[in-house]
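Take a look at the structure set out below.
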Amino acid sequence: MKRFVVTQLLYLLFVWPAFSQTVRPVTASQLESRFRSGKDTVYVVNFWATWCVPCVKELPEFEKFREDHKDQPLKLLLVSMDYESKVKSAVMPFARRQKLKAEILIASRKNEQGFIDAIDKGWSGSLPGTLIVNNAKAVRKFFEKPLTHEELNTLYQTYK
Amino acid sequence: MKKLMILVIAAAAALAAKIPAEGYKAGDRAADFRLKNVDGKMLSMAGYKTAKGFIVVFTCNHCPVSQGYEQRIIALDKKYAQKGYPVLAISPSDPASVPADSYENMQKVATAHKYTFPYLIDETQAVSKAFGARATPHAFVIQKTGAGNVVEYVGAIDNNAEDGDPNRTNYVEKAVDALLEGRKPVVNTTKAFGCSITYKN
């Protein structure tokens, strides 16, 4: 029993902080002001949900893409479309299990239609979706399909 | 001139290749279907002699967004079946890829959760494709007319999937209310937010 407590303590001390992720709520307009303040940063914003099978499959591709561009003006944001009440019970445990290191946000919306339209008028609302924004070059592209690491690289090279 | 022709043909081919099956839009006539209900019986819209229309909802067992809407779908049927607009729920899911959506599991859920409406399985996904169902849940409000079953609303059930917001806009309710009062829905198209439907091919 004592050993169990010790292992648990060690886990809490060392392993937990490594994966502890804060998941802050973000509205569509807060995302926009963030893009505006980013100057030459290329924002790659992935819209996903813990219950979306193709999203879960594609997330490692985004993590690898982020890892490969650490020293570049690139910001990856993973915006969860889970219910806001599920942050603690679903999104955070998922992020820990999947060892996600990118910044995770939760879409804060009282109105899904408004949020979806604000991101992209052409977005049908299905997940996953990815928005690429580079304000310095007036780039704003939305992709309503899963993307691979290679496709993300190509898109980044095209729009950076 | 020849070059131009080639360009035009190439452009047309590119366009044709890109256009997905759009499905029904508001104003379109919906073809009737014949699908198996959880009680084992085959069901068609034509079987509803006294109905004024239908609230067709593509939904399924496994999707958390569908689960979140389950009570709201039951409430829609309780409110509108007696007014002539019953709910017809159709599962577009392929049980081969999602075992939770098998016919047997649909029967279990319909019984356990006391569905007041038919819960139909679209085994070939042909009906879901014809409607253009994209996600679960995806609602279609249909009005029976002399000229066939006319789609009057396509999209989300309301604008806030997370339950409990008293100020949300109930699109389906508004659409059916309008039709019952002899008007057309003001908002006849919204976006379906939920689990994307995976089509077999």
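The values are calculated or read from the model by the stated rules, or taken from the named source; none is laboratory data. Here the structure is a predicted model, which means the values were calculated and not measured. Neighbour counts are summed over all protein chains in view; Cβ atoms, including those assigned to glycine, are modelled from backbone coordinates with ideal geometry.
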### Summary
Given the conditions (1) away from chain A (no Cβ under 14 Å); (2) surrounded by fewer than 19 Cβ atoms within 10 Å (Cβ to Cβ); (3) part of a helix (DSSP H, G or I); (4) at pLDDT 95 or above, every one holds for B:Ala16 apart from (4)
### Task
May I ask you to list the residues in the stretch A:35-46 that are assigned to a strand (DSSP E or B) and of a type in the set (S, T, N, Q)?
A:Asn46
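In the stretch A:95-113, which residues are within 14 Å of chain B (Cβ to nearest Cβ) and of a type in the set (A, V, I, L, M, F, W, C)?
A:Ile106, A:Ala107, listed by residue number.
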### Query
Before we move on, is B:Glu181 over 19 Å from the mean Cα position of the chain (by Cα), surrounded by fewer than 20 Cβ atoms within 10 Å (Cβ to Cβ) and at the interface with chain A (Cβ under 7 Å from one of its Cβ atoms)?
no
#### Entry: Pair list, Cβ under 7 Å, 6 or more apart: the stretch A:122-133 residue facing another protein chain (nearest Cβ under 10 Å), other residue hydroxyl-bearing (Ser, Thr, Tyr)
A:Ser126/B:Ser196; A:Leu127/B:Ser196
### Residue ID - farthest from A:Arg24 (Cα to Cα), chosen from residues in the stretch A:68-108 that are surrounded by 17 or more Cβ atoms within 10 Å (Cβ to Cβ) and hydroxyl-bearing (Ser, Thr, Tyr)
A:Tyr83
### Query
Is it the case that A:Gly125 is small (Gly, Ala, Ser) and crowded, with 18+ Cβ neighbours inside 10 Å?
yes
### Message
Condition (residue is within 30 Å of B:Ala161 (Cα to Cα) and in contact (Cβ under 8 Å) with a residue 40 or more places away in the chain) applied to the stretch A:63-74: is it met by at least one residue?
### Response
no
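Conditions tested, residue by residue: (1) among the hydrophobic types (A, V, I, L, M, F, W, C); (2) crowded, with 17+ Cβ neighbours inside 10 Å; (3) under 15 Å from the mean Cα position of the chain (by Cα).
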position: B:Lys49; (1), (2), (3): no, no, no
position: B:Tyr69; (1), (2), (3): no, yes, yes
position: B:Ala100; (1), (2), (3): yes, no, no
position: B:Thr136; (1), (2), (3): no, yes, yes
position: B:Phe140; (1), (2), (3): yes, yes, yes
### Query
Using beta carbons and a limit of 6 Å, which pairs, at least six apart or on different chains, have the first residue in the stretch B:159-178 and more than 13 Å from chain A (Cβ to nearest Cβ) and the second one assigned to a loop (DSSP other than H, G, I, E, B)?
B:Val172/B:Ile157; B:Ala175/B:Pro185; B:Val176/B:Tyr85; B:Ala178/B:Pro185
